[in-house]
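Heads up, the thing below is written out as structure tokens.
The values are calculated or read from the model by the stated rules, or taken from the named source; none is laboratory data. Bear in mind the structure is a predicted one, so any value in this text is a computation, not a measurement. Every residue, glycine among them, receives a Cβ derived from its backbone with ideal geometry; neighbour counts consider all protein chains shown.
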Amino acid sequence: MKLRNKRTIYATILGIYLIFTFLPIYWMTITALKPKSEITRTLTYYPHRFTLENFAKAFTEPLWMNALKNSLLISCGSVTLCLMVGICAAYAFSRYTFIGDKHFFFWLITNRMAPPAVFVIPYFMIYTTIGLFDTILAIILSHTLFNLPLAIWLLVGFMNAVPKDLDEAAFVDGYSFVRYFRKILLPVIAPGIGVTAFFLFLFSWSELLLGSVLTAASAKPVTVALLQSVSMAGIDWGLIAAVSTLAVLPGVVFVVFVRKYIARGFLAG
Amino acid sequence: MFFLPALLLVGFNAFVPIFLVFSYSLHSLFAALPAEYIGLEQYRRLLSDPEFLESLYRGLFFSAECLLIEIPLGLGIALILPKKGLAGGIFMSLIAIPLVVPWTTVGLMWRLLTQSIVGPIPASLSKVGIEFSISNPVHAFQTLVLMDVWHWTPLAIILISAGLVALPKEFYEAAKIDGARSWKIFRHVTLPGLKLPLLVLFLLRFIDTFKIYDEVWILTAGGPGSATEFLSIFTVRLGIGQFNLGYGSAVSLLFLYAVLTVSFILMILLTRGRGMK
């Protein structure tokens, strides 16, 4: 009897915590599904008049289309760049020892810890000087500040898990280096690369500060567009909620599939 | 050889900017006006600048409050979670969701929740007699804490649960045979066993809360007044908002040193606990 009481209490606590977790997400989703008149008039706990017009607007207005397109390009560009450079560097860290390797590794991680706000002033000056201000390329490059260390850190872990015997066996079989890389190493660590890519995408997609400082108009990512639309008078909450709901979806799908890697990704982050 | 592209990128993105910031911080540099070398003058000014000191203390207070809520709450939830079976697995997947919500969206979500008419928080609090308003300094600050708790407690739960699974079962059995009470088991077996994950969490969350920008900027933009202006917001306001590049650089550098010192401690403690990597 006592044990059952205890379990009921535990289950209640966990239940309350779950409600706390989902309340903000629930509220955002229902706001996205309410028509404008309902949002601004009274507080309703579920959409009395269900509508998809907010989502339709997010996909048709040129401002949002452009911002979403920029964000996609920036995030994909950052993922591609950091993965290519990161895989090479991680291979070096994992398979060779060289002078200063540990120090450099350490330095990379501290880079990840550094606040982006520190880099705002020099980045603004550098990218303005070299004429990359307000371009997608500038944001992609600036995001490597935190994404490259993360990529290397995660990939080294995955590569260390691949036994070195596999390398040797491949070379004994007469595989060239490129062929070994493409046919053996990359397929073996493919799940790791996928997980890494997700985190790189998430961090690049969420980033607001560098994106807002390095852009003026044409390269504006969706985070900056959202920020500007909430600073304006007469906020269109339905539209903002719709855009935000869309931004949450990929993460929710991902978390269900690769839960066990999540702690590792955020440890580095 | 494999390493060259990484080195080039890091050089361009980290080394060069740090040198620039250092050089700016020694100059009086205001927008397009010609620079003038003034040495350490700006650092001296900074250490007695009430705005800087206030945002520093405010940040430390914010970090402390977040840590004091997130870690005990995470520990509590991790302890009562069912360790095995489907229920535990599903629960873990569900609570991990806030971690993958983009930061900007987190800020927007909470702004939505705290907006009068649009969000439910002001209406429900007024039923219990509290007139909530995001333009009240205390309310704004506490909303940010609550948002951070919502966003990052899942990380505490996940890391502590992983640590709990790794604890050897024999200790518990031995303690039970000795007739130890559950509080004593917790105090002398569980807590010492969780030292490493707790330490990691403590330092990571400290650094992340201390450098927070995006969520705060979306939710309160440092306001009302300067009630939620943390160091990163202060830095950006000086450098980009007011184009006081020299002074902003000095702030940046002190900010960076503060964070790096903590990271350094973190790395040393971590590598000692686990061996390199």
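Consider residue A:206 carefully, then state whether it is surrounded by 17 or more Cβ atoms within 10 Å (Cβ to Cβ) and hydroxyl-bearing (Ser, Thr, Tyr). Yes.
When you look at residue A:145, is it more than 7 Å from chain B (Cβ to nearest Cβ), within 25 Å of residue B:3 (Cα to Cα) and at pLDDT 85 or above, yes or no? So residue A:145 fails the test.
Okay, residues lined up against (1) touching a strand residue (DSSP E or B) at 6+ places or on another chain (Cβ under 7 Å); (2) touching a residue at least 12 places away in the same chain (Cβ under 8 Å); (3) more than 11 Å from chain B (Cβ to nearest Cβ):
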{"residue": "A:23", "(1), (2), (3)": "no, no, no"}
{"residue": "A:29", "(1), (2), (3)": "no, yes, no"}
{"residue": "A:42", "(1), (2), (3)": "no, no, no"}
{"residue": "A:46", "(1), (2), (3)": "no, yes, yes"}
{"residue": "A:67", "(1), (2), (3)": "no, yes, yes"}
{"residue": "A:72", "(1), (2), (3)": "no, no, yes"}
{"residue": "A:121", "(1), (2), (3)": "no, no, no"}
{"residue": "A:134", "(1), (2), (3)": "no, yes, yes"}
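Applying the criterion of being surrounded by 22 or more Cβ atoms within 10 Å (Cβ to Cβ) and more than 8 Å from every other protein chain (Cβ to nearest Cβ) to the residues of segment B:223-262, the residue that is modelled with the lowest pLDDT is B:246. Note on segment A:185-269: enclosed helices (runs of 4 or more DSSP H) holding 3 or more residues that are modelled with pLDDT under 80 and out of contact with any Phe, Trp or Tyr (no Cβ under 7 Å at 6 or more places or on another chain) are A:222-231, A:237-257, A:259-268.
Going by what's in this entry, would residue A:68 be described as at pLDDT below 85 and either in the same structural domain as residue A:192 (by TED's automatic domain parsing) or not in a helix (DSSP H, G or I) (or both)? Yes, satisfied. Has segment A:5-19 got at least one residue that is among the polar types (S, T, N, Q), assigned by TED's automatic domain parsing to the domain that holds residue A:157 and farther than 26 Å from residue A:251 by Cα? Scanning segment A:5-19 turns up no residue that is among the polar types (S, T, N, Q), assigned by TED's automatic domain parsing to the domain that holds residue A:157 and farther than 26 Å from residue A:251 by Cα.
Residues in segment B:165-198 that are in contact (Cβ under 8 Å) with a residue 24 or more places away in the chain and touching a helix residue (DSSP H, G or I) at 6+ places or on another chain (Cβ under 6 Å): B:167, B:194, B:196, B:197.
Figure legend. Inter-residue proximity from segment B:212-234: first residues without any contact (Cβ under 8 Å) to a residue 12 or more places away in the chain, second residues of a type outside the set (A, V, I, L, M) and surrounded by 23 or more Cβ atoms within 10 Å (Cβ to Cβ), beta-carbon distance below 8 Å, spacing 6+ or different chains. No pairs are indicated.
What number of residues in segment A:1-45 are closer than 30 Å to residue B:81 by Cβ, in a loop (DSSP other than H, G, I, E, B) and hydroxyl-bearing (Ser, Thr, Tyr)? Lay out the reasoning, then the answer.
Initial filter on segment A:1-45 (closer than 30 Å to residue B:81 by Cβ): A:1-30, A:45.
Filter once more, keeping what is in a loop (DSSP other than H, G, I, E, B): A:1, A:45.
Those still in the list that are hydroxyl-bearing (Ser, Thr, Tyr) too: A:45.
Here the count works out to 1.
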